[in-house]
1. So Asp117 clears everything in (1) exposed (fewer than 13 other Cβ atoms within 10 Å of the Cβ); (2) under 30 Å from Ala160 (Cβ atoms) except one condition, right? Which one?
2. For the stretch 149-164, which residues satisfy the criterion of being surrounded by fewer than 19 Cβ atoms within 10 Å (Cβ to Cβ) and either of a type outside the set (Gly, Ala, Ser) or assigned to a helix (DSSP H, G or I) (or both)?
3. Across the stretch 100-132, what is the number of residues that are assigned to a loop (DSSP other than H, G, I, E, B) and among the hydrophobic types (A, V, I, L, M, F, W, C)?
4. For the stretch 52-69, does any single residue satisfy the condition of being touching a strand residue (DSSP E or B) at 6+ places or on another chain (Cβ under 6 Å), farther than 17 Å from His144 by Cα, of a type in the set (A, V, I, L, M) and not in a loop (DSSP other than H, G, I, E, B)?
5. Any idea how many residues of the stretch 44-88 are over 17 Å from Ala114 (Cβ atoms), surrounded by 13 or more Cβ atoms within 10 Å (Cβ to Cβ) and at pLDDT below 90?
6. Of these, Gly86, Gly78, which one is within 22 Å of Gly27 (Cα to Cα), within 12 Å of the chain's Cα centre (by Cα), without any contact (Cβ under 8 Å) to a residue 40 or more places away in the chain and part of a loop (DSSP other than H, G, I, E, B)?
7. Any idea which residue in the stretch 31-40 is modelled with the lowest pLDDT, counting only those that are farther than 12 Å from Asp149 by Cα and part of a helix (DSSP H, G or I)?
8. How about the stretch 89-104: which of its residues are within 17 Å of the chain's Cα centre (by Cα), of a type in the set (D, E, K, R) and surrounded by fewer than 17 Cβ atoms within 10 Å (Cβ to Cβ)?
Amino acid sequence: MGFDMHLRAVQDSEVRLDHVWLEEFMGAAWDGDVHRAEWEAGIAESLSKDFGPMHDLYESAALLPEGRDGAWELPVFGGELVPGSGDEEAPFVHLSPETVRQAAAFLTHVSFDALWDAAGPKLYATFGPGWAEEDVKGIYRRHHADLGDFYRRTAADGKAVVKAFWY
């Protein structure tokens, strides 16, 4: 069973803020071959299992100058929720091009090391014995770099982002 956050860059004019439409739109792009092609083209990104802890890492930015405006919320869970018709359906999330620019600016300017100093010990503790702290820190550093690259490309292209959470 997967536990994934899937991000997709798209022209904002093409997005319909309708759960049924978004489920079809994002579902078609979650197919392995399509997702891989979009990832290689730089218009898709995904995180498996670690997206909740990445949000926790970014939440520590609320204490830093770069995060006091709330932009730390944007990369993972932030945006306009498009709820489903039932409680069992995870919502989709939409970020307008302006919000994508805010997320990209946050990811560009926040210090990963400052985030890790604030939240890293708690995140590292969840990995248990057998994991070196530098290895765990490296996982989060790669996620941070990948999200930053995705949001910067998307912002530079003037696109929106649609997020799906697959469980």
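1. All conditions are met except number (2).
2. Step one: of the stretch 149-164, the residues surrounded by fewer than 19 Cβ atoms within 10 Å (Cβ to Cβ) are 149, 152-153, 156-158.
Asp149, Arg152, Arg153, Ala156, Asp157, listed by residue number.
3. Filtering the stretch 100-132 for residues assigned to a loop (DSSP other than H, G, I, E, B) gives 110-111, 126-132.
Going one step further and asking which of them are among the hydrophobic types (A, V, I, L, M, F, W, C), we end up with 110, 127, 131-132.
So the count comes out to 4.
4. Of the stretch 52-69, the ones touching a strand residue (DSSP E or B) at 6+ places or on another chain (Cβ under 6 Å) are none.
Among the residues of the stretch 52-69, not one is touching a strand residue (DSSP E or B) at 6+ places or on another chain (Cβ under 6 Å), farther than 17 Å from His144 by Cα, of a type in the set (A, V, I, L, M) and not in a loop (DSSP other than H, G, I, E, B), which makes the answer no.
5. Here the count works out to 1.
6. Details: Gly86 fails: within 12 Å of the chain's Cα centre (by Cα).
Answer to the selection: Gly78.
7. Ranking the candidates gives Gly32 first.
8. Initial filter on the stretch 89-104 (within 17 Å of the chain's Cα centre (by Cα)): 90-104.
Going one step further and asking which of them are of a type in the set (D, E, K, R), we end up with 98, 101.
Answer for the stretch 89-104, where residues must be within 17 Å of the chain's Cα centre (by Cα), of a type in the set (D, E, K, R) and surrounded by fewer than 17 Cβ atoms within 10 Å (Cβ to Cβ): just Glu98.
The values are calculated or read from the model by the stated rules, or taken from the named source; none is laboratory data. The structure presented is a predicted model; accordingly, all values stated were derived computationally and were not measured. We place every Cβ from the backbone using ideal geometry, glycine too, and count neighbours over all the protein chains shown.
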